[in-house]
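The values are calculated or read from the model by the stated rules, or taken from the named source; none is laboratory data. This structure is a prediction, so every number in the text was calculated from the model and none was measured. With ideal geometry, Cβ positions are generated from the backbone for all residues, glycine too; neighbour counts draw on all protein chains shown. Side chains are part of the model used for accessible areas, which takes the heavy atoms of the whole protein and leaves out ligands, DNA and RNA. Shrake-Rupley method; radii C 1.70, N 1.55, O 1.52, S 1.80 Å.
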Amino acid sequence: VRNELKGVVPPGFRARFRHQYLRTQAMMMAARTVAIDDVVRAAGSAQVVILGAGLDGRAWRMPELRDVSVFEVDHPDSQRDKRERVQKLQATSLDIRFVPVDFEHDALDQALAHAGHDETRTTTWIWEGVVMYLTPSDIEATLAVIQRRSTAGSRLVIVYHVPALV
């Protein structure tokens, strides 16, 4: 992996294939991140909800989110890991709220309400890299919550792709 990070192409078909696959994925993720950041900046919403936040770093790196309430929604186990990782980091957002939700079992609407999400304020919703792991009924249920909790001017940024064969 170290050589792959340095851009050294390893010998052997499998290793080269893996190297190129990871390189392509990294380029795609970088472009996706820039595009979503641009939408967040342009929207200027009072709230940002990141569904399936994972290790998303927007609340720690985007000065535009300084006065924005950022709701990081993710599985409780993922959030525990992230909270440990970010302890020593300086956040740019002054209001980060961790919202533990298992999309297959928990009520997203209730969890957001409990965390203080205000459905009367504009919200930019980011749903990046999660949808392809959910069932159609879980996707529809989440979209219904987004619709109920969104006021005029709110936006949804969704990234969906079909899982690769690799």
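Inspection of the range 52-64 identifies at least one residue that is among the acidic types (Asp, Glu), over 11 Å from the mean Cα position of the chain (by Cα) and either part of a loop (DSSP other than H, G, I, E, B) or surrounded by 16 or more Cβ atoms within 10 Å (Cβ to Cβ) (or both). Return a yes/no flag: does the range 19-37 have any residue that is touching a Pro at 6+ places or on another chain (Cβ under 8 Å) and surrounded by 15 or more Cβ atoms within 10 Å (Cβ to Cβ). Yes.
For Ser137, the stated conditions do not hold, so it cannot be described as assigned to a helix (DSSP H, G or I) and open to solvent by less than 60 Å² (accessible area, probe 1.4 Å). Assuming Thr120 fulfils every condition listed in (1) touching a residue at least 60 places away in the same chain (Cβ under 8 Å); (2) part of a loop (DSSP other than H, G, I, E, B) apart from one, which condition is it? Exception for Thr120: condition (1).
Among the residues of the range 72-95, those that are crowded, with 18+ Cβ neighbours inside 10 Å and over 11 Å from Leu55 (Cβ atoms) comprise Val73, His75, Thr92, Ser93.
Only a single criterion out of (1) open to solvent by less than 80 Å² (accessible area, probe 1.4 Å); (2) modelled with pLDDT under 90 is not satisfied by Arg14, namely (1). Ile126 fulfils the conditions (1) crowded, with 17+ Cβ neighbours inside 10 Å; (2) more than 22 Å from Leu55 (Cα to Cα); (3) among the hydrophobic types (A, V, I, L, M, F, W, C) except for a single criterion, (2).
Scanning the range 61-101 for residues that are among the charged types (D, E, K, R) and under 16 Å from Thr124 (Cα atoms) yields Glu64, Arg66, Asp67, Glu72, Asp95, Arg97.
Just to be sure, is Leu89 modelled with pLDDT of 95 or more and either in contact with a Ser or Thr (Cβ under 6 Å, 6 or more places away or on another chain) or not polar (S, T, N, Q) (or both)? No: the conditions fail for Leu89.
For (1) part of a loop (DSSP other than H, G, I, E, B); (2) within 23 Å of Arg66 (Cα to Cα); (3) aliphatic (A, V, I, L, M), each residue gets a yes or a no:
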{"position": "Asp77", "(1), (2), (3)": "no, no, no"}
{"position": "Arg83", "(1), (2), (3)": "no, yes, no"}
{"position": "Arg97", "(1), (2), (3)": "no, yes, no"}
{"position": "Asp102", "(1), (2), (3)": "yes, no, no"}
{"position": "Ala141", "(1), (2), (3)": "no, no, yes"}
{"position": "Thr151", "(1), (2), (3)": "yes, yes, no"}
{"position": "Val157", "(1), (2), (3)": "no, yes, yes"}
{"position": "His161", "(1), (2), (3)": "yes, no, no"}
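What's the number of the only condition in (1) aliphatic (A, V, I, L, M); (2) farther than 17 Å from Val157 by Cβ; (3) open to solvent by less than 90 Å² (accessible area, probe 1.4 Å); (4) not in a helix (DSSP H, G or I) that Ala113 fails to meet? (4) is the only condition that Ala113 fails. Quick one: would you say Asp106 is assigned to a loop (DSSP other than H, G, I, E, B), open to solvent by 50 Å² or more (accessible area, probe 1.4 Å), touching a residue at least 40 places away in the same chain (Cβ under 8 Å) and among the acidic types (Asp, Glu)? Judged against the criteria, Asp106 is not a match.
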